[in-house]
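Each remark here refers to the structure printed beneath this line.
The values are calculated or read from the model by the stated rules, or taken from the named source; none is laboratory data. Predicted model, so just to flag it, every value in this text is computed and none were measured. Counting neighbours? That spans all protein chains shown, and the Cβs are built from the backbone with ideal geometry, glycine included.
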Amino acid sequence: MSTSGASLALKRRGSPSHHSTSLPSVAGRCAIKPRGAGEFNLLAYMFCIRTMTIDDYEEVIALMKRTPGVTFRDADSRENTARYLLRNPGLSFIAISEGNVVGCIMSGHDGRRGYLQHLVVQLEHRRQGIANALVESCLSALEKLGIKKSHIDVLSENEAGISYWESQGWKLRTDIRRYSFVRSGGKNV
Ligand SMILES: CC(C)(COP(=O)(O)OP(=O)(O)OC[C@H]1O[C@@H](n2cnc3c(N)ncnc32)[C@H](O)[C@@H]1OP(=O)(O)O)[C@@H](O)C(=O)NCCC(=O)NCCS
């Protein structure tokens, strides 16, 4: 669960940014995002990605709650999150910068397909490659479990989210409709 400052993953600006098996996994490592074209700059933005545990819950929820457009549901309770992490060990990640949680993502699988959710990067830390590092961490961990295809639900009104996923090569499914049913609970279940 610890981060390793000794392991650095570097990504040149302009290199392919789509989530693919060719990208290095940065889970449990630090990454430097170069600011200059084609050059690595030691003053560049730095962050670490590590596995999320239930001890990170409060900080992750605080990040979600202070991010406009991110919905907090009853399903995101501490109890449910603990159960989710227990059922999907090593598949959720946080990004840390200067000791603060500045990004998160959760993922799991049903034995066949992967499901990503709660990708959030703090406003001031965007466009530094954090989301890509988080997503890659999930996809890499899922692939090691034999999961080669994953899904993400994005609210239709979330234009930034839609732009992000489409920019990374994720394909909108127009051939399926997702139906949900609430058996018990309130409006925010
Ligand atoms: C969507 C979000 C997670 C992206 O986080 P991020 O850390 O800024 O993303 P990255 O820096 O890894 O972006 C990598 C690439 O994705 C693309 N991208 C990222 N955000 C984008 C946006 N808003 N519009 C279009 N393309 C975008 C760019 O190509 C970017 O590369 P570049 O910076 O070299 O141009 C962030 O904007 C966010 O937290 N939004 C609010 C929560 C949300 O909507 N989450 C998604 C829910 S499904």
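Please return the ranges of strands (runs of 3 or more DSSP E) entirely within region 32-128 where 1 or more residues are at pLDDT below 95. Please lay out each step first, then the result.
On the way: elements: 45-51, 93-97, 100-109, 114-121.
Here the list reads 45-51.
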- Message: Just to check your reading of the model, which residue among Glu136, Glu166 is within 14 Å of the ligand (Cβ to nearest atom), without any contact (Cβ under 8 Å) to a residue 12 or more places away in the chain and either of a type in the set (Asp, Glu) or surrounded by fewer than 12 Cβ atoms within 10 Å (Cβ to Cβ) (or both)?
- Response: Glu166
- Task: Hey, could you check region 106-133 for residues that are near the ligand (Cβ under 9 Å from one of its atoms) and within 17 Å of Gly169 (Cβ to Cβ) and say which is nearest to the chain's Cα centre (by Cα)?
- Result: Leu119
- Which condition breaks for Arg78 when tested against (1) in contact with a helix residue (DSSP H, G or I) (Cβ under 8 Å, 6 or more places away or on another chain); (2) farther than 26 Å from Glu143 by Cα; (3) within 12 Å of the ligand (Cβ to nearest atom)? (3)
